[in-house]
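The values are calculated or read from the model by the stated rules, or taken from the named source; none is laboratory data. As the structure is a prediction and not an experimental result, all values here were calculated from the model. Here Cβ is always computed from backbone atoms with ideal geometry, including for glycine, and neighbour counts include all displayed protein chains.
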Amino acid sequence: MARGRVFAYCHDSVGIGHLTRTLSICDRVGRTYPFSSFLVATGTPYVPLFQNLQRLDYIKLPALAKEAPETYRGKYLPMSSNDLIEYRKTVLRDTVEHFDPEIVLVDKAAIGVCGELLPSLRWLRRHRPDVRIVFGMRDIEDSPEATIAQWRQSGVVEALESCFDEIWVYGVRSMFDVVRAYRLPESVEEKLSFMGYVTRGRCGHAASEACGDPYVLVTVGGGTDGEFLLERYLSNAADHVGRAGYRSVIVGGPDLPPGPAEALRRRAEGMNGVQWLDFEPCMMCRIRAAKLVVSMGGYNTLCQIAAHRKPALIVPRTKPRLEQAIRAQVWAERGVVDVLGVDQLTPATLAERVVGMLGRGPTHICDEMDFNGLDRVCDRFGTFWKAEVPDAAAVCL
């Protein structure tokens, strides 16, 4: 195996959150350890949107779209899901053999979509036993009932026991204890470390246009299912925000379906005090300069909101998983965010809640929230390589 080679598998069927987190880790580790290099396997077409990535390349797998939990279809190709999974499985298996990594980092889906990564993991264990294989998971996967059932049915727990050296939870145990919630056995718990929340810190950009007139930032992550929130915001809240002396900056996201994206863009562009962006390459800058954030409950966005102590109204999705709703509730109980349930979301209620939050000062962040996850992940790579960690460089993705 070649020194410093890292193979990263990135779950990819909804949005860009997993990709953003994976690239953040690769970029930080790459800047810290100049001998390292990274190959990312993902189905998302959005890797080129992220710039200034050093010593990183990617393999574009045929894209999948989620229809229901553990049910997928081809996003672009007219192939059956079984044929697509078999094709992706072959590409992944060949890649790990020929790239010959020192470290494998698997994000979110331990055995891959529909088990597509399992043959690669087993091959590595059999033929490359010295490779360090790590599973990185966000703070919350889904409801305990759904996660326990799905992991048992698909064999995830067995794979965690037999295929992985370490498990990194990108969260804080006192906020959400995955061991207790998902009834993980001791054999899995002993491999598991809570790393803290992974957020990139300050990007290092100079003050820019984003820091002009005060504004409310509305973001729906990748945008896959964000139309409902954007439409309701434009229907009422945007006018009230404008009358209160604030602009609205709306980020649709690269995965917002083309039809709704075009309709919402035209609508926003016809309104005073509303700026529409299809994609924001530095969401950190936008959040840092915003007076209030209206968002869904995705992991990366909430971490950035909290790290910058921004008042935020969260409207979490509840399908196909409850992950966002659980996270939003846990954080709301600690006063970090305000929550508006999807079942209560109307143009009028959204406008009332947004206007009521204008003018709030910085949010109090409870002591138990730890945003040093990226530093700890980088340190762990250094331990693998027995390398000393220099001062971390600021990154922006």
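Return the total of residues in the stretch 86-108 being outside any strand (DSSP E or B), modelled with pLDDT of 95 or more and surrounded by 15 or more Cβ atoms within 10 Å (Cβ to Cβ).
Initially, the stretch 86-108 is screened for residues outside any strand (DSSP E or B), giving 86-102, 108.
Imposing the further condition that a residue be modelled with pLDDT of 95 or more reduces the set to 86-102.
Now drop any that are not surrounded by 15 or more Cβ atoms within 10 Å (Cβ to Cβ), which leaves 87-89, 91-93, 95-96, 99, 101-102.
The total comes to 11.
Taking T71, is it of a type in the set (S, T, N, Q) and modelled with pLDDT of 95 or more? Steps first, answer last, please.
Values: of a type in the set (S, T, N, Q): yes; modelled with pLDDT of 95 or more: no.
Taking the combined requirement at face value, the residue does not satisfy it.
Could you tell me how many of the residues in the stretch 113-135 are among the small types (G, A, S) and surrounded by fewer than 21 Cβ atoms within 10 Å (Cβ to Cβ)?
Restricting attention to the stretch 113-135, the residues satisfying the condition of being among the small types (G, A, S) are 115, 120.
Keeping just the survivors that are surrounded by fewer than 21 Cβ atoms within 10 Å (Cβ to Cβ) gives 115.
Final tally of qualifying residues: 1.
Name the residue that is surrounded by the fewest Cβ atoms within 10 Å (Cβ to Cβ), counting only residues in the stretch 232-269 that are more than 24 Å from the chain's Cα centre (by Cα), among the small types (G, A, S) and assigned to a helix (DSSP H, G or I). Per the stated criteria, the residue is G259.
When only residues in the stretch 163-179 that are farther than 19 Å from M369 by Cα and out of contact with any helix residue (DSSP H, G or I) (no Cβ under 7 Å at 6 or more places or on another chain) count, which is surrounded by the most Cβ atoms within 10 Å (Cβ to Cβ)? Talk me through it step by step, then tell me what you get.
Initial filter on the stretch 163-179 (farther than 19 Å from M369 by Cα): 163-167.
Next, from what is left, pick out any that are out of contact with any helix residue (DSSP H, G or I) (no Cβ under 7 Å at 6 or more places or on another chain): 164-166.
On the way: F164: 20, D165: 14, E166: 15.
Only one residue fits best here, namely F164.
Between L23, L61, L19, L49, the distinction of being farther than 19 Å from K386 by Cα, touching a residue at least 60 places away in the same chain (Cβ under 8 Å), buried (at least 19 other Cβ atoms within 10 Å of the Cβ) and among the aliphatic types (A, V, I, L, M) belongs to L23 only. Condition check: without any contact (Cβ under 8 Å) to a residue 60 or more places away in the chain, buried (at least 16 other Cβ atoms within 10 Å of the Cβ) and among the basic types (K, R). Does K310 satisfy that? So K310 fits the description; yes.
Per-residue answers, yes or no, for (1) in the same structural domain as S248 (by TED's automatic domain parsing); (2) modelled with pLDDT of 95 or more; (3) surrounded by 14 or more Cβ atoms within 10 Å (Cβ to Cβ):
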residue	(1), (2), (3)
T363	no, no, yes
R376	no, yes, yes
F381	no, yes, yes
P390	no, no, no
A393	no, no, no
L397	no, no, yes
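Within the stretch 186-226, the residues that satisfy the criterion of being over 22 Å from C303 (Cα atoms) and modelled with pLDDT of 95 or more are E186, S187, V188, E189, E190, K191.
Considering the stretch 247-275 alone, what residues qualify as being in contact (Cβ under 8 Å) with a residue 60 or more places away in the chain and touching a Phe, Trp or Tyr at 6+ places or on another chain (Cβ under 6 Å)? P254, the sole residue that qualifies.
What about T32, is it crowded, with 19+ Cβ neighbours inside 10 Å, touching an Asp or Glu at 6+ places or on another chain (Cβ under 7 Å), hydroxyl-bearing (S, T, Y) and in the same structural domain as D139 (by TED's automatic domain parsing)? Before the answer, list the steps.
Working: crowded, with 19+ Cβ neighbours inside 10 Å: yes; touching an Asp or Glu at 6+ places or on another chain (Cβ under 7 Å): no; hydroxyl-bearing (S, T, Y): yes; in the same structural domain as D139 (by TED's automatic domain parsing): yes.
Against the criterion (crowded, with 19+ Cβ neighbours inside 10 Å, touching an Asp or Glu at 6+ places or on another chain (Cβ under 7 Å), hydroxyl-bearing (S, T, Y) and in the same structural domain as D139 (by TED's automatic domain parsing)), T32 does not qualify.
Being in a loop (DSSP other than H, G, I, E, B), polar (S, T, N, Q) and either on the phi > 0 side of the Ramachandran plot or under 19 Å from the mean Cα position of the chain (by Cα) (or both), is that true of even one residue in the stretch 46-68? Can you show your working first?
The first filter runs over the stretch 46-68 and keeps only residues in a loop (DSSP other than H, G, I, E, B), leaving 46, 50-55, 61-63.
Checking which are polar (S, T, N, Q) leaves us with 51-52, 54.
Among the residues that remain, those that are also either on the phi > 0 side of the Ramachandran plot or under 19 Å from the mean Cα position of the chain (by Cα) (or both) are: 51-52.
Within the stretch 46-68, one or more residues are in a loop (DSSP other than H, G, I, E, B), polar (S, T, N, Q) and either on the phi > 0 side of the Ramachandran plot or under 19 Å from the mean Cα position of the chain (by Cα) (or both).
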